[in-house]
Amino acid sequence: MKQRTLGLCILALVTLAISSFAHADTFDFSFSGILFSGSGTFTATEEGATDVYDVTGVTGTVKDWAGSSNISSLIGLNKFNGNDNKLIFPGIAPPFLPTKFFDGNGVSFALADGDDIDLNDSWGSEFAVIGAPKGLVLPEASTIGIAKNSPVPEPSTLALFGTGIFGIAGAIRLKLRFA
């Protein structure tokens, strides 16, 4: 009986380790300039332990001269301004320059009104570039801020299964002990 209990404990620990191993990180972002500004959340996965993240999703809103528009989707790689959808966090802080969160290619996303946005580091400074559907491209030096959200582990099916096995094992043990 002790071997079964030990086996169930090991199974539960392995299950909990697997369930919390892979999760996406989320980052709140905001940018502001003279012509347009916006804010939202990036979902990203770190490339090893490099502080470089592959952005896999984005939500939020952007305000420009025409009004406000929701962010509809992430744009595929090399589809706008040579984007690679990489985020650097906590960022690089060269002397006397603001913190850089992007490389020269940046992260691009589409807006519901048809415009596209690329946040990047071009010419040694953070830039936001808006591209209208008719081919108009307006770059603008922007203040860009990014903060990493605290990871909140989500319970997975295996973790719930493992705790259920613990409960059943405990019930059987009590039944056998008092029977």
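The values are calculated or read from the model by the stated rules, or taken from the named source; none is laboratory data. It should be emphasised that the depicted structure is a prediction, and the values quoted were computed from it without experimental measurement. Cβ placement follows ideal geometry from the backbone for every residue including glycine, while neighbour counts extend to all protein chains displayed. Remember, those area values only see protein heavy atoms, side chains included, never the ligands or the DNA or RNA. Shrake-Rupley method; radii C 1.70, N 1.55, O 1.52, S 1.80 Å.
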Review point. When the accessible area of segment 34-109 is computed with all protein chains present and a 1.4 Å probe, what percentage of it is carbon and sulfur?
Key: 57 percent
Review point. All other residues with a Cβ under 12 Å from the Cβ of Phe102 taken together, and with Lys, Arg as +1 and Asp, Glu as -1, what is their net charge?
Key: -3
**Study point:** Ile92-Phe166 FRET efficiency (beta carbon distance; Förster radius 41 Å; 0.05 resolution)
**Key:** 0.35
**Study point:** Whichever aspartates and glutamates have a C-alpha closer than 15 Å to that of Lys79, once near sequence neighbours (fewer than 8 apart) are set aside
**Key:** Asp115, Asp116, Asp118
